[in-house]
Amino acid sequence: MSVSNITVFRPSVLTLIGIPGLETVQCWIGIPFCVMYLIAMIGNSLLLIIIRSERSLHEPMYIFLGMLGVTDIVLGTSIVPKMLGIFWFHVPEIYFDSCLLQMGLIHTFQGIESGILLAMALDRYVAICYPLRHAAIFTHHLVTQIAAVVTLRAALLVAPSLVLIKCRFQFYHTIIISHCYCEHMAIVKLAAENVRVNKIYGLFVAFTIAGFDLIFITLSYIQVFITVFRLPQKEARLKAFNTCIAHICVFLQLYLLAFFSFFTHRFGAHVPPYIHILFSSLYLLVPPFLNPLVYGAKTTQIRIHLVKMLCSYNVL
């Protein structure tokens, strides 16, 4: 394939322009993004402190919730500081290797978050469909194994996309990324060489992780709903359903935003760039922001221990 004369050879620095078309109001957009980030950091940190300090919460569901909190903290921290640097301090430059690192962190922890949601769905499935066997099946050893598998799966699937960009591409049309963070397709589109392999591998990773997890989460909840609606007492049905509602809310908001971002990036030629970038940014910011609020509001044990902790601080 011939390479255009107007190319850059292996740039050491790239430029993130933020949100194309909204450059004049980016400083104002940064305010709600910063507020969401701070609430996400405080909320998830409180969740981790409560789960760690209360022995009664050392159960699979809460351990998975703690893992989700760690994932959300890393995801938010991977993008928001640099994003605010672009919006508020006009520092759009980022080293090429730092851009790849940011991309790797974002996609790896997205994959981990999806895997944790699958693990939480399976935990609810066993707890409701096989309540007498739940403690025997979901042991701490199994939870550790699930955490290791989820992390390794995401890391091993995302790593080749970094290697493909680093090793295959030498010439780039431009060093300007029309985005506010380093995302796989945003970097791939800069290349002046054949990007077909990278696009195919990106689709493979997306469907291997999100597609697989979505199918099994859906199947788990179908079985849960069948079991719940067969319960003879209305109170028992409501109690069982209430234990799942927080997870369903988190699951729906994550995957709806994820699939909108994914398909508009690849097939939404008529969608204005600022719409896509705003939604792709919200896709990474909304889950860390909402997760502690949703679980804090819907999980009685967490609410009780949060009130106890706050009251103890007031007494001191």
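Residues that are at pLDDT 90 or above and among the small types (Gly, Ala, Ser) within region 111-134 comprise Gly111, Ser114, Gly115, Ala119, Ala121, listed in sequence order.
Out of Leu203, Leu190, Leu162, Leu214, I need the residue that is open to solvent by less than 30 Å² (accessible area, probe 1.4 Å) and either within 23 Å of Ser281 (Cα to Cα) or among the β-branched types (Val, Ile, Thr) (or both). Which one? Outline the logic, then answer.
Numbers: Leu203 fails: open to solvent by less than 30 Å² (accessible area, probe 1.4 Å); Leu162 fails: open to solvent by less than 30 Å² (accessible area, probe 1.4 Å); Leu214 fails: open to solvent by less than 30 Å² (accessible area, probe 1.4 Å).
Among Leu203, Leu190, Leu162, Leu214, only Leu190 is open to solvent by less than 30 Å² (accessible area, probe 1.4 Å) and either within 23 Å of Ser281 (Cα to Cα) or among the β-branched types (Val, Ile, Thr) (or both).
Looking at Tyr130, is it more than 13 Å from the chain's Cα centre (by Cα), free of Cβ contacts under 8 Å to residues at least 60 places away in the same chain, open to solvent by 40 Å² or more (accessible area, probe 1.4 Å) and under 30 Å from Glu59 (Cβ atoms)? Working first, answer last.
Values: more than 13 Å from the chain's Cα centre (by Cα): yes; free of Cβ contacts under 8 Å to residues at least 60 places away in the same chain: yes; open to solvent by 40 Å² or more (accessible area, probe 1.4 Å): yes; under 30 Å from Glu59 (Cβ atoms): yes.
Against the criterion (more than 13 Å from the chain's Cα centre (by Cα), free of Cβ contacts under 8 Å to residues at least 60 places away in the same chain, open to solvent by 40 Å² or more (accessible area, probe 1.4 Å) and under 30 Å from Glu59 (Cβ atoms)), Tyr130 qualifies.
What about Ala119, is it within 18 Å of Lys298 (Cα to Cα), of a type outside the set (Ser, Thr, Tyr) and surrounded by 21 or more Cβ atoms within 10 Å (Cβ to Cβ)? Here the answer is no, as Ala119 does not meet what is asked.
Does Val143 satisfy the condition of being modelled with pLDDT under 90 and either open to solvent by less than 10 Å² (accessible area, probe 1.4 Å) or at positive phi (or both)? So Val143 does not fit the description; no.
Got a sec? Which of Val143, Val150, Val158 is over 19 Å from Phe212 (Cα atoms) and either without any contact (Cβ under 8 Å) to a residue 24 or more places away in the chain or of a type in the set (Val, Ile, Thr) (or both)? Before you say what the answer is, go through the steps one by one.
Details: Val150 fails: over 19 Å from Phe212 (Cα atoms); Val158 fails: over 19 Å from Phe212 (Cα atoms).
Of the residues listed, the single one that is over 19 Å from Phe212 (Cα atoms) and either without any contact (Cβ under 8 Å) to a residue 24 or more places away in the chain or of a type in the set (Val, Ile, Thr) (or both) is Val143.
The set of residues in region 197-253 being more than 20 Å from His134 (Cβ to Cβ) and of a type in the set (Val, Ile, Thr) consists of Val197, Ile200, Val205, Thr208, Ile209, Ile215, Thr218, Val250.
Would you kindly identify the helices (runs of 4 or more DSSP H) lying entirely within region 119-196 that contain at least 1 residues that are farther than 30 Å from His90 by Cα, out of contact with any Ser or Thr (no Cβ under 9 Å at 6 or more places or on another chain) and among the aliphatic types (A, V, I, L, M)? Full working, then the answer.
On the way: elements: 134-137, 140-168, 184-188.
Correct list: 134-137, 140-168.
Scanning region 134-188 for residues that are more than 22 Å from Pro272 (Cα to Cα) and among the small types (Gly, Ala, Ser) turns up Ala135, Ala136, Ala147, Ala148, Ala154, Ala155, Ala159, Ser161.
Taken over region 67-97, the criterion of being touching a residue at least 12 places away in the same chain (Cβ under 8 Å), over 15 Å from Met41 (Cβ atoms) and part of a helix (DSSP H, G or I) is satisfied by Met67, Lys82, Ile86, Phe87, Trp88, Phe96.
The values are calculated or read from the model by the stated rules, or taken from the named source; none is laboratory data. These numbers come from a predicted model, not from an experiment. With ideal geometry, Cβ positions are generated from the backbone for all residues, glycine too; neighbour counts draw on all protein chains shown. Keep in mind that these areas ignore ligands, DNA and RNA; they rest on the heavy atoms of the full protein, side chains included. Shrake-Rupley method; radii C 1.70, N 1.55, O 1.52, S 1.80 Å.
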